[in-house]
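First comes the structure, then the notes that go with it.
The values are calculated or read from the model by the stated rules, or taken from the named source; none is laboratory data. None of these values were measured; they are calculated from a predicted model. FYI the Cβ positions are ideal-geometry reconstructions off the backbone, even for glycines, and counts take in every protein chain you see.
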Amino acid sequence: MSEGDIELCGLKARWQAVAVAGHTYRVLVPQRPEELIDTPAVVERFERDEYLPYWAELWPSAVRLAELVADWRCPAVRVLDLGCGLGLVSLALARAGHAVTAGDYDADALRFVEANAAANGLPGVQTMLIDWRSSYSGLRFERIVAADVLYERRHVPAVAGFVARHLTADGEAWLVDPQRAIAGDLPAAARACGLEVSERTLPCDAGEAGERLFVLTRRGPRA
């Protein structure tokens, strides 16, 4: 994709350099994501399903999760990047050698992920349209990861339930959250689905609120 005027999915876009764990990724992002809210398609989807195009911004929690998963070297596992947005976490996972499926509720997000994977020489990233309120027969992953997806209270039990249905018996789900109050509901929601939960605050710069990392498993939290 050229460096000049870029348009994808009818959106003007630009390249952004993002440094993660010593490597710099080229990420294609919409130039003015806030303008998506007023487009007829988004207005119609909001009226029908309270949908908002959160995918169109590169959120700090995605950068933080990408830094964490960049250290997952061996063995390679099947990973779902749930609510993948622009796909930065998927890129870090693919570069570390994992079999990655980038899943999002918006088809436009998946087109951006595909463009970003190609631009970074990571053609192995697969994309899949996923609604975390649904179930997908036969779909199982050793790891499920998600960054800043608990932005509405109704999403907490939905995400926990999706993880419970699609995580392998010995798998783990890693969710990074920017200290949203409603994310505090996740441990109870996960346990109601038969999962165990551990959580910790990630290190951060002085004066900043560190993101929380939730790890969900079927075999009990790690020490």
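Candidates Leu82, Leu93, Leu68, Leu86: the one that is over 28 Å from Arg32 (Cβ atoms), crowded, with 21+ Cβ neighbours inside 10 Å and not hydroxyl-bearing (Ser, Thr, Tyr) is Leu93. Is at least one residue of the range 195-211 in a helix (DSSP H, G or I), over 20 Å from Val100 (Cβ atoms), among the small types (Gly, Ala, Ser) and more than 15 Å from the chain's Cα centre (by Cα)? The answer is no, given that none of the residues of the range 195-211 is in a helix (DSSP H, G or I), over 20 Å from Val100 (Cβ atoms), among the small types (Gly, Ala, Ser) and more than 15 Å from the chain's Cα centre (by Cα). Name the single residue, out of those in the range 112-164 being under 30 Å from Gly194 (Cβ atoms) and of a type in the set (Phe, Trp, Tyr), that is modelled with the lowest pLDDT. The extreme case among them is Tyr151. Please work out if Ala109 is of a type outside the set (Asp, Glu), within 15 Å of Val27 (Cα to Cα) and modelled with pLDDT under 95. Against the criterion (of a type outside the set (Asp, Glu), within 15 Å of Val27 (Cα to Cα) and modelled with pLDDT under 95), Ala109 qualifies.
Given the structure, is Ala188 surrounded by fewer than 19 Cβ atoms within 10 Å (Cβ to Cβ) and either closer than 24 Å to Gly210 by Cα or of a type outside the set (S, T, N, Q) (or both)? Answer is yes for this residue. Can you tell me which residue is nearest to Cys84 (Cα to Cα) among those in the range 137-168 that are in contact with an Asp or Glu (Cβ under 7 Å, 6 or more places away or on another chain) and of a type in the set (A, V, I, L, M, F, W, C)? Here the answer is Val145.
Let's see how each residue does on (1) of a type in the set (Val, Ile, Thr); (2) in contact with a Gly (Cβ under 8 Å, 6 or more places away or on another chain):
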position	(1), (2)
Trp72	no, no
Gly83	no, yes
Leu88	no, no
Ala94	no, yes
His98	no, no
Thr101	yes, no
Asp106	no, no
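Starting from residues that are hydroxyl-bearing (Ser, Thr, Tyr) and not in a strand (DSSP E or B), keep the ones in the range 1-59 and report whichever is modelled with the lowest pLDDT. Per the criteria, the residue is Ser2.
No other residue among Val149, Val159, Val145 is crowded, with 22+ Cβ neighbours inside 10 Å and touching a strand residue (DSSP E or B) at 6+ places or on another chain (Cβ under 6 Å) apart from Val145. Being closer than 23 Å to Thr217 by Cα, surrounded by fewer than 16 Cβ atoms within 10 Å (Cβ to Cβ) and of a type in the set (S, T, N, Q), is that true of even one residue in the range 97-117? Checking the range 97-117: not a single residue is closer than 23 Å to Thr217 by Cα, surrounded by fewer than 16 Cβ atoms within 10 Å (Cβ to Cβ) and of a type in the set (S, T, N, Q).
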